[in-house]
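Participant: Here it is, the structure in full.
The values are calculated or read from the model by the stated rules, or taken from the named source; none is laboratory data. In this text the structure is predicted, and so the values were computed from the model without any measurement. Please note: Cβ atoms are built from the backbone with ideal geometry, for glycine as well, and neighbour counts cover all protein chains shown. The accessibility values were calculated without ligands, DNA or RNA, using every heavy atom of the protein model including side chains. Shrake-Rupley method; radii C 1.70, N 1.55, O 1.52, S 1.80 Å.
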Amino acid sequence: MLTFAHQMRETRYYKVAEHRFCVSGEDEIFTLMGNYEPFGCDEGETVFTLAIEGGKAPVYSEELRQEDEGQTIVCGHSAEGEAVFEYQWWEQTAGWLVCSKDYHEGRLITTKRHLKMAIDNALMVLYALATADQGTVLFHAAVVSKEGKGYMFLGPSGTGKSTHASLWQRYIARTALVNDDNPVVRIEMTCETSGETCAVVYGSPWSGKTPCYRNVSYPLGGIVMLSQAPYNKICRLDGIHAYAALVQSISGKRWEVNIADGLHRTENTLVSQVPIWHLECLPDEEAAQLCYETIRNS
């Protein structure tokens, strides 16, 4: 267990999808952050800062509670208007993330329980909210690369995103895993004169059951919403159906107007630029081949 006693504080900088942020804390904090090392960078302007420290629980009013697989996130605001996120695992509070109103500064007040998970969750939340108005979204998805492009698989927990990514790696030559659970997608300008843009998918320090912390990026070639079925069938999604497929897989709350507007703009751009598919499937080779051949030939 980390004690925080008589340790030196330091600050380290990281860059994910070209957004730089920094973390400050006691020396031993960074022994838990090996997954961030591929994203280390030089000091510079940041989109947000996070200070990790001990202290008393903040006073706040609960507004929303999210529960999933043993984890509970309680969201609310302090009397001063700061956003507060309380992280609990198996009914034990791990800490409280207290954010400035613009999400450019955050403090993680830790109880030292489940510390690694609290750090990762605090950084994911700050990243998602601080970059929401910059054409950037953090997805709950698995991503593979093939022939210079990235392909992203969406779906609720337990749908088989990781399984389908593994099937591509096993049966489709020269496929590589980019991220297993939390990739970042960013809309990037390709021509300032014409205003043309493209969607790029990035690896991140946040992954799922399969550790994969690769600092790589690829043009996004396709997005596939998965659902389990006793057969394999794929169809193209358009309009509101494509938009809905994205919304349910994007991280970030929408209770502030600027965040909601930023995510909405990015979602609309993705729907207009990237082919989105619905794959009803079995966990087998045929499903992977059908998905790949359909996307490649579209």
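Participant: Within the range 135-189, take every residue that is closer than 21 Å to ASN297 by Cβ and part of a loop (DSSP other than H, G, I, E, B) and give me the one that is nearest to the chain's Cα centre (by Cα).
Facilitator: That would be GLY148.
Participant: How many residues are more than 17 Å from SER162 (Cα to Cα) and touching a residue at least 60 places away in the same chain (Cβ under 8 Å) if we restrict to the range 206-249?
Facilitator: Looking only at that region, the number is 12.
Participant: Among the residues of the range 73-116 satisfying the criterion of being among the acidic types (Asp, Glu) and within 13 Å of PHE48 (Cα to Cα), which is modelled with the highest pLDDT?
Facilitator: Here is the first cut: in the range 73-116, the residues among the acidic types (Asp, Glu) are 80, 82, 86, 91, 102, 105.
Checking which are within 13 Å of PHE48 (Cα to Cα) leaves us with 102, 105.
Numbers: ASP102: 90, GLU105: 96.
In this case the residue turns out to be GLU105.
Participant: Looking at (1) aliphatic (A, V, I, L, M); (2) open to solvent by less than 30 Å² (accessible area, probe 1.4 Å); (3) within 30 Å of SER217 (Cβ to Cβ), which is the only condition LEU32 fails?
Facilitator: (2)
Participant: Could I ask something else about it? Within the range 261-293, work out how many residues are open to solvent by less than 40 Å² (accessible area, probe 1.4 Å) and of a type in the set (S, T, N, Q).
Facilitator: Total meeting the criteria: 2.
Participant: Regarding the range 84-102, can at least one residue be identified that is in contact with a Ser or Thr (Cβ under 8 Å, 6 or more places away or on another chain), assigned to a strand (DSSP E or B) and touching a residue at least 60 places away in the same chain (Cβ under 8 Å)?
Facilitator: No, the range 84-102 has no match at all.
Participant: Tell me, please, whether a residue that is in contact with a helix residue (DSSP H, G or I) (Cβ under 9 Å, 6 or more places away or on another chain) and open to solvent by less than 20 Å² (accessible area, probe 1.4 Å) can be found in the range 51-74. Don't jump to the end; show me each part of the working.
Facilitator: Initial filter on the range 51-74 (in contact with a helix residue (DSSP H, G or I) (Cβ under 9 Å, 6 or more places away or on another chain)): 52, 71, 73.
Restricting the remaining residues to those that are open to solvent by less than 20 Å² (accessible area, probe 1.4 Å) gives 52.
Yes, the range 51-74 contains at least one residue that is in contact with a helix residue (DSSP H, G or I) (Cβ under 9 Å, 6 or more places away or on another chain) and open to solvent by less than 20 Å² (accessible area, probe 1.4 Å).
Participant: Among the residues of the range 232-248, which ones are assigned to a loop (DSSP other than H, G, I, E, B) and at pLDDT 90 or above?
Facilitator: So the first thing to find is which residues in the range 232-248 are assigned to a loop (DSSP other than H, G, I, E, B), and the list is 232, 238, 248.
Within the range 232-248, ASN232, ASP238 qualify.
Participant: Select, from TYR218, TYR202, the only residue that is open to solvent by 30 Å² or more (accessible area, probe 1.4 Å), in contact with a Gly (Cβ under 9 Å, 6 or more places away or on another chain), modelled with pLDDT of 95 or more and among the aromatic types (Phe, Trp, Tyr). So that I can check it myself, show each step before the final result.
Facilitator: On the way: TYR202 fails: open to solvent by 30 Å² or more (accessible area, probe 1.4 Å).
Criteria check complete, one pass: TYR218.
Participant: Just checking, which of LEU115, LEU108, LEU97, LEU138 is open to solvent by 10 Å² or more (accessible area, probe 1.4 Å) and in contact with a helix residue (DSSP H, G or I) (Cβ under 7 Å, 6 or more places away or on another chain)?
Facilitator: Values: LEU108 fails: open to solvent by 10 Å² or more (accessible area, probe 1.4 Å); LEU97 fails: open to solvent by 10 Å² or more (accessible area, probe 1.4 Å); LEU138 fails: open to solvent by 10 Å² or more (accessible area, probe 1.4 Å).
Sole residue among the options that is open to solvent by 10 Å² or more (accessible area, probe 1.4 Å) and in contact with a helix residue (DSSP H, G or I) (Cβ under 7 Å, 6 or more places away or on another chain): LEU115.
Participant: I'm trying to understand the selection: among the residues of the range 146-169, which are small (Gly, Ala, Ser) and either open to solvent by less than 10 Å² (accessible area, probe 1.4 Å) or in contact with a Gly (Cβ under 7 Å, 6 or more places away or on another chain) (or both)?
Facilitator: Just the residues of the range 146-169 that are small (Gly, Ala, Ser), to begin with: 148, 150, 155, 157-158, 160, 162, 165-166.
Of everything in the range 146-169, those that are small (Gly, Ala, Ser) and either open to solvent by less than 10 Å² (accessible area, probe 1.4 Å) or in contact with a Gly (Cβ under 7 Å, 6 or more places away or on another chain) (or both) turn out to be GLY150, GLY155, SER162, ALA165.
Participant: Let me ask something else. Collect the residues in the range 190-199 that are at pLDDT below 95 and either in contact with a Ser or Thr (Cβ under 8 Å, 6 or more places away or on another chain) or not in a strand (DSSP E or B) (or both), keeping them in residue-number order.
Facilitator: In the first step, residues of the range 190-199 are kept if they are at pLDDT below 95; the result is 190-198.
Matches in the range 190-199: THR190, GLU192, THR193, SER194, GLY195, GLU196, THR197, CYS198.
Participant: Test GLN228 against the stated conditions and say whether it is in contact with a Gly (Cβ under 9 Å, 6 or more places away or on another chain) and surrounded by fewer than 16 Cβ atoms within 10 Å (Cβ to Cβ). So that I can check it myself, show each step before the final result.
Facilitator: Details: in contact with a Gly (Cβ under 9 Å, 6 or more places away or on another chain): yes; surrounded by fewer than 16 Cβ atoms within 10 Å (Cβ to Cβ): yes.
So GLN228 passes the test.
Participant: Just to confirm my filter: which strands (runs of 3 or more DSSP E) fall fully inside the range 25-81 and include at least 2 residues that are under 25 Å from ARG214 (Cβ atoms) and not charged (D, E, K, R)? Even if it seems obvious, please write down each step before you answer.
Facilitator: Details: elements: 48-53, 61-68, 71-77.
Ranges flagged: 48-53.
Participant: Right, something else. Got a sec? Which of THR210, THR266 is closer than 30 Å to CYS41 by Cα, of a type in the set (Val, Ile, Thr), part of a loop (DSSP other than H, G, I, E, B) and out of contact with any Cys (no Cβ under 9 Å at 6 or more places or on another chain)?
Facilitator: Numbers: THR266 fails: part of a loop (DSSP other than H, G, I, E, B).
None of the others qualify; the one that does is THR210.
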